[in-house]
1. By how many nm would the segment from A:ASP53 to A:ARG157 grow when fully extended, if each residue of separation counts as 0.36 nm and the alpha-carbon distance is taken off?
2. As a test of the definition: with a 1.4 Å probe, what buried accessible area, both sides summed, do you compute for B against A, in Å² to the nearest 100?
3. Mind jotting down the three principal axis lengths of the stretch B:158-269 based on Cα atoms? Whole angstrom, largest first.
4. Beta carbons within 10 angstrom, averaged per residue: use that to sort the peptides A:130-141, A:32-43, highest first.
5. Specify whether the C-alpha gyration tensor of the stretch B:3-51 places it in the rounded, prolate or oblate class, a ≥ b ≥ c being the square roots of the eigenvalues: rounded for a/c under 1.5, otherwise prolate if a/b is larger than b/c and oblate if not.
6. From the protein chains alone at 1.4 Å, what is the descending order of accessible area for A:LYS171, A:LYS143, A:LYS48, B:LYS74, largest first?
7. Which of A:LYS27/A:LYS48; B:LYS166/B:LYS194; A:LYS143/A:LYS171; A:LYS27/B:LYS74 have a Cα-Cα distance over 20 Å?
8. Run the numbers for B:LYS194 and B:ARG242: contour at 0.36 nm per residue of separation, minus the present Cα-Cα distance, in nm.
Amino acid sequence: MGDRQDQNERDRQMMQRIAAGDDAALKLLYERFGSLVYRMAFQAVPSKGEAEDAVQEIFVRLWRTAGRYDPARAALVTWVILISRRQLVDRMRRTRARIKPSALDEAAGLSVADREIPVGAGETEERMAAMMKKIESLPDLQKTVIKRAYLGGQTLRQIGEELNTPLGTIKSALSRALMRLRERTSEELPT
Amino acid sequence: MTLQELLEHAQLDALGLLDEEDHEPFEAAFRAAPAEVQGQIRREQQRLCVVDPLLPEVALPGGLWPRVQEAVSKARLESLLGASQAHEAQDRVARALPMMRSRVVHRAWRAGAIGFGTAAVVLGAVLLNVSMTHRQQMVNAERDARSLAIAEAFGRPYLSGQLFDKSTEQSLFVAVGAESPNKAAIFSNASWDKSVLYTQAVASRPGQSIRLVVLDAQGNVLRELAEFESTGGLVHKELDLRGVEMSQLALVSAPKGMPAGEGTVIMRMA
């Protein structure tokens, strides 16, 4: 327990140094989590070059939020993953804003081939195909919300406005959809 | 925020789907929540963040760190100056202070940069010196060329004497005909072997040439001393005029191949 507290304190100090502009601390963070961040980016975007750009954006965001890091809120690795996901989702929203939400609603038979799939991710393609099947089996609102949020790149507010549905309902629908998907894929996901 | 909403937000946050506007209320609700709820949220988010087995096995590109470092440095600068001024400031800094110390620069590169910088300064000074020397040489050459042109125009052996020797005599011609632009003069000096005739705007007509002649008291041509053609520019001719009475000299325009006496007097001595 003492070791964990020491590590938390070291992490907090490192993030404070990063917030203060210490490049050595930033490099420590990169050495610890650069690979993880890159693999997340590689999985989320369609090319190696975009993954590298995304990593830069993520570390900029980590620097921006470093001063707010609190070990009591989350372990550093969790914090890095949360920030990375936010940035990757933002990035996907920017690039997928072209997709018509109505097209997503109509795409009951949305195939994997219709989507942007990361380079060299054959296993991921299979997993996505299985996931799409599970999404199709969700109740209508949950299905619509999860498609618009994940595949359409819309914010929850945008979804609520377009569907003329209260924001709380959208959040609940998405949350329940995620829980249901998790239950149905529990054999694939680590616990 | 209810407990249910707090848990939903935690889940959405863990998946990166929480709207930007909801982050602060969620974080505030988390801080205000009882310790056991905070613990539950931490565990839930941690569970959703176990991603390693799902990620592709790809290696981190070797050259990515400098780009990350550069991106963060740029973001820092933008946050200090404001995004709109950042690019301009970067350009200014790059232009004005290329040698500024920065923690983002490796020592070896900085040392190399200082070396290159010193070399650049030295080279710059040498180039500046060469440039100034070259410019001065160009000025000198141009001046010399002008002087040479003047000297050539006015006759090199006689120019100094014309300008600075008070014993040099000037004999001016006047045009016959009030509207004529013709100008002519003869410079002579007892120390010179020859005198110098200058004409300007004395153009020879087609089929004719200009003759320098000696006239008698009645205006008849006694002797022809020189013949030349001109398009009206500056002409100088060196002539042996020893024994010639300057007041008797005149310029005549006469048909080529014909005696000057067949021509017309266009200028006389003043």
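1. The span from A:ASP53 to A:ARG157 would gain 34.7 nm if fully extended.
2. 5100
3. Largest to smallest, the principal-axis extents are 38, 28, 26 Å.
4. With the highest mean Cβ count within 10 Å placed first, the list reads A:32-43, A:130-141.
5. Oblate, since a/c reaches 1.5 and b/c is not below a/b.
6. So, going from the largest accessible area down, we get A:LYS48, B:LYS74, A:LYS143, A:LYS171.
7. In this structure, A:LYS27/A:LYS48 exceed 20 Å between Cα atoms.
8. The B:LYS194-B:ARG242 span can extend by a further 16.5 nm.
The values are calculated or read from the model by the stated rules, or taken from the named source; none is laboratory data. Just so we're clear, the structure is a prediction, and the values are computed from it rather than from any experiment. Because the Cβ atoms are built from the backbone with ideal geometry, glycine has one as well, and the counts that use them run over all protein chains shown. For accessibility, only protein heavy atoms count, side chains too; no ligands or nucleic acids. Shrake-Rupley method; radii C 1.70, N 1.55, O 1.52, S 1.80 Å.
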